[in-house]
Amino acid sequence: GGGIIDHEVGYGKTISLIALAHNLKKFGKAKLPIILGLPANVSEIAKRYQQAYPQDRILYAGKNEFSPENRELFFNNEYDVVIMSHEQFKKIPIADEVYIEELKEELRKVELNMLLGKEFGITKRDMKNLEKKKESVLAKFALTKERLESGKSKNIPHIGNLGIDHVIVDE
């Protein structure tokens with residue numbers, strides 16, 4: 001369901017992405033598209049978006065607007081598009097249920113590597129590193145499961161409950 005726009009610099013990739021986000025929202029194909037860009041480019045993307053579609057409500061994540069204390073309030077309004085950097089997007093947590101599944105998969109891979117390592121003879125140092133990795137994953141799993149079961153994670157905004165349903169990446 002994705003695509004790539006691979007023009008040279010100056011041939012309109014950014015405005016194409018802006019038009020895509022606008023039209024996804026306009027035609028009901030997206031509730032809240034998000035455009036991710038490099039930190040040096042996000043203010044320019046927001047400015048160009050506003051010029052192209054002045055009637056759209058843009059949520060632009062500057063440094064202060066997306067500080068830890070403002071993140072929960074950040075998404076509590078109706079917007080047509082969100083524009084932020086890749087780094088800011090990575091700070092939005094995923095749901096604990098999803099994270100648990102990711103940790104289960106990571107644990108499965110580590111255990112498989114340990115099994116293969118025993119079978120094919122990896123170094124003691126490499127095996128120790130795999131054991132440390134397994135302990136780390138198990139610790140994260142236990143903490144996340146405890147948080148989930150205690151209900152502490154219910155009120156934490158995460159990528160699944162913020163309404164973002166299309167991610168558009170500029171570089």
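The values are calculated or read from the model by the stated rules, or taken from the named source; none is laboratory data. No experiment lies behind these values; they were computed from the predicted model shown. Because the Cβ atoms are built from the backbone with ideal geometry, glycine has one as well, and the counts that use them run over all protein chains shown. Note: areas computed on protein heavy atoms with side chains; ligands, DNA, RNA excluded. Shrake-Rupley method; radii C 1.70, N 1.55, O 1.52, S 1.80 Å.
So the values come out like this:
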read-out: Single condition V137 does not satisfy, out of (1) β-branched (V, I, T); (2) at pLDDT 95 or above; (3) not in a helix (DSSP H, G or I); value: (3)
read-out: Some residue of the stretch 151-170 being in contact with a Phe, Trp or Tyr (Cβ under 8 Å, 6 or more places away or on another chain), open to solvent by 90 Å² or more (accessible area, probe 1.4 Å) and within 30 Å of I5 (Cβ to Cβ); value: no
read-out: Candidates E72, E105, E97 - the one that is under 30 Å from S150 (Cβ atoms), open to solvent by 40 Å² or more (accessible area, probe 1.4 Å) and modelled with pLDDT of 95 or more; value: E105
read-out: Restricting the stretch 1-18 to residues that are of a type in the set (G, A, S) and open to solvent by 30 Å² or more (accessible area, probe 1.4 Å), the residue that is nearest to Q55 (Cα to Cα); value: S16
read-out: Residue that is nearest to the chain's Cα centre (by Cα), among those in the stretch 134-148 that are among the charged types (D, E, K, R) and open to solvent by 80 Å² or more (accessible area, probe 1.4 Å); value: K140
